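I have placed the structure first, in the form of structure tokens, so that the comments after it can refer back to it.
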Amino acid sequence: MMADDETPSVSGSSRKGTISFEDAALVEQCRKGDMQAFGSLVAKYQDRVFNAILRMCGDTHDAEELAQEAFLKALERMASFRGQSGFYTWLFRIAVNLTISQRRHERRLRFQSLSGGPDGFDPAQGDGLTVAAAGRREPGPEAAAMAADESRRVLQALDELDDDFRVVVVLRDVEDMDYAEIANVLEVPVGTVKSRLHRARCILRDKLADLVG
């Protein structure tokens, strides 16, 4: 676990390196057995945790199960949370580790594609990444179909990245975390985050050269 000597913030966001006053109060209530307080934490972060896991694992059903497991593990480990980082950062570390473990297990069993459909990504969920990669959106009546095709290609390229590269792209370009927050989640130096992100973007640019160009 990375050291963090900052004192808890009484007003800042839980994503800024220290736990917010609101989260600190809810965590303390959880430690006393208040499940309603834990429910408040779940309600506050479940959508963001689920969406990020979905982009890392590529399967809606798996993302739902992994998000639930992340919250359960957070509850089990609540006594070990010291508030030296934001609760959200700590929770995300648990979610990322679970997702990476699941992906490695799946790769040993089968090849998992991102072709869309009921068990995969909704192609529309790749729109943000598509825009970021292509830097444009085609006008005209064919725009929706073209965007869906581009989204599938972007998601496929993202899925083909090594886990270390994939996760930094998701945390930075989807979750909009800064380098320090990502370093805290992954427990690596900021320089490592920057180098992995640069490498990941280069790989994606090569794979999607026609979209970028």
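Please treat every number below as a calculation from the coordinates, not as lab data. Since the structure is predicted, the reported quantities are computational estimates derived from the model, not experimental observations. Note that each Cβ is placed from the backbone with ideal geometry, even for glycine, and that neighbours are counted across all protein chains shown.
Using a Förster distance of 25 Å, how high is the FRET efficiency between ASP149 and ARG205, based on the Cβ-Cβ distance and rounded to 0.05?
With a Förster radius of 25 Å, E is 0.85.
Sticking with the crude label model, points 7 Å out along Cα→Cβ, report the distance from HIS61 to SER195 in nm, one decimal please.
For the pair HIS61/SER195, the computed spacing is 4.0 nm.
Would you mind checking which residues have amide H under 5 Å from SER20's amide H? H placed 1.01 Å from N; only 5 or more apart, or other chain.
Sorted by chain and number, the residues that satisfy this are SER14, PHE87.
Fully extended, how many nm does the chain gain between VAL188 and ARG31 (0.36 nm per residue separation, minus their Cα-Cα distance)?
Net length gain for the segment: 53.7 nm.
May I ask you to evaluate 6.51 cos²θ - 1.76 cosθ + 1.60, the Karplus curve with θ = phi - 60°, for each residue of region 170-186 and list the ³J(HN,Hα) values in order in whole Hz, giving x for glycine and proline?
Each residue of region 170-186 in turn: 5, 5, 7, 8, 9, 7, 6, 6, 7, 4, 5, 5, 5, 4, 5, 4, 8 Hz.
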